[in-house]
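The values are calculated or read from the model by the stated rules, or taken from the named source; none is laboratory data. What you are looking at is a predicted structure, and each value in this text was computed from that prediction instead of being measured. In this analysis, Cβ positions are derived from the backbone assuming ideal geometry, glycine residues included, and neighbour counts consider all displayed protein chains. Surface areas here come from the heavy atoms of the whole protein model, side chains and all, with no ligands, DNA or RNA. Shrake-Rupley method; radii C 1.70, N 1.55, O 1.52, S 1.80 Å.
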Amino acid sequence: MTKRPAPAPTVPAPARRDFLRIAGATAAGFFALGATSDRMRIVASLTSLSLDDELTRRNMSDGNTTSRLGGLIAGLRQRGWVEGVNYRFELRSTFGGPDKLRTAVQELIALKPDVILTGSTVETAAMLGATKTIPIVFATANDPVGNGFVQSLARPGGNVTGFTSSTAEMGGKWLQLIREAVPDLARVGVLFNPATTPRAGRFYLESIEQEAAATGGVSVVPAPIGAPAEIDTAMGRFAEPPKAAVIALVDSFLVVNRQAIVAAAAKYRVPVIYPFHYFMDAGGLMSYGPTLEVRSADYVDLILRGTKAGDLPVQSPRKYDLLINRTVARALGLVMPFTLLARADEIRE
């Protein structure tokens, strides 16, 4: 009787994925793409989101190339950098207040990374306060010159460069759009945290006020908040007549607390325009902001190959998207004009 060979041991799914990923990254492939295998590089990243946040999990999920971190890892792989083979990825969360921010920064600095990717203005400022030598790439920033991160957009200098997410004139554009959605608008609240939005809110408020003054009929009401517990009260201010809507500024605090903000808007039936699609995913009415383009891999790759961060120009968004949720509009009693719907890049039901 012929003895059958013993079955091959079963490899757990995660280990199998790691094996295939490593096996697929041959040395020939590395050198063909120009990556070097002389040592393990370290790519570090800071996020203001909790590591348990849905956006963080989505960012880090296997094969998600449309998210910021997933796109970074996929983009680096295309350029010959394979996680676990010739570089190591280190992620730290700053969620939890100033002490957590300091701890996260210190932990990453201690690793002596080859490049650090930051996700917000606050994190970039904290990292620049800790190092003037380690290259830093900000994935989003609104006023890098005004914040002192770079000398100019074309010639950053120093050890930092990256990508802007909007311009100061966006404030006026948000007001134009929300006025189209709410024709009888008399007041517009501006929601932001002074500690986490550019120039304590003035970066966008000036263009909002200028647009309101130029067109007339709408008063601008700043609504600064400093803690999640203040969200409900701030939104409730705009529930009573005269007719009001709210503009949510570009602000990492608002992104972290997007679920609570969208819920408060629904509770008080307040129309709100948001700067990012993240708020739409949470059930927001409309958003207008930069098209999600994951370009950080370009700069991280160049820096890993020896290019100085200060020699890479700061890049601006190439396209902006308007998203509208008609189901939310109907719940608020709004009839979106055809002229506005026709310009939308995406209409959700």
Filtered residues of segment 283-310 (kept if at pLDDT 95 or above, surrounded by fewer than 19 Cβ atoms within 10 Å (Cβ to Cβ) and under 19 Å from N325 (Cβ atoms)):
G283
Take P222 and tell me if it is of a type outside the set (D, E), open to solvent by 40 Å² or more (accessible area, probe 1.4 Å), farther than 25 Å from T124 by Cβ and outside any helix (DSSP H, G or I).
no
Just to be sure, is P198 over 23 Å from the mean Cα position of the chain (by Cα) and modelled with pLDDT under 95?
no
Members of segment 225-257 that are in contact with a strand residue (DSSP E or B) (Cβ under 7 Å, 6 or more places away or on another chain), part of a helix (DSSP H, G or I) and under 18 Å from P198 (Cα atoms):
L254
Taking P194 as meeting all but one of (1) touching a residue at least 60 places away in the same chain (Cβ under 8 Å); (2) in contact with a strand residue (DSSP E or B) (Cβ under 7 Å, 6 or more places away or on another chain); (3) surrounded by fewer than 17 Cβ atoms within 10 Å (Cβ to Cβ), write down the number of the exception.
(1)
For K243, only one of the following conditions fails: (1) open to solvent by less than 60 Å² (accessible area, probe 1.4 Å); (2) touching an Asp or Glu at 6+ places or on another chain (Cβ under 7 Å). What is its number?
(1)
Out of A213, A264, which single residue is of a type in the set (G, A, S), over 20 Å from the mean Cα position of the chain (by Cα), exposed (fewer than 15 other Cβ atoms within 10 Å of the Cβ) and more than 20 Å from F95 (Cα to Cα)?
A213
What residue, of R92, R88, R39, is of a type in the set (D, E, K, R) and at pLDDT 95 or above?
R88
Restricting attention to segment 321-339, which residues are touching a residue at least 24 places away in the same chain (Cβ under 8 Å) and either under 20 Å from A239 (Cβ atoms) or surrounded by 16 or more Cβ atoms within 10 Å (Cβ to Cβ) (or both)?
D321, L322, L323, I324, N325, V328, A329, A331, L332, G333, L334, M336
Could you check segment 256-272 and list, in sequence order, the residues that are touching a Pro at 6+ places or on another chain (Cβ under 9 Å) and more than 12 Å from L191 (Cβ to Cβ)?
V256
Per-region count, segment 267-282, residues under 19 Å from S165 (Cα atoms), surrounded by fewer than 24 Cβ atoms within 10 Å (Cβ to Cβ) and aliphatic (A, V, I, L, M)
1
Scan segment 258-286 for residues that are among the charged types (D, E, K, R) and within 19 Å of T140 (Cα to Cα) and jot them down.
R258
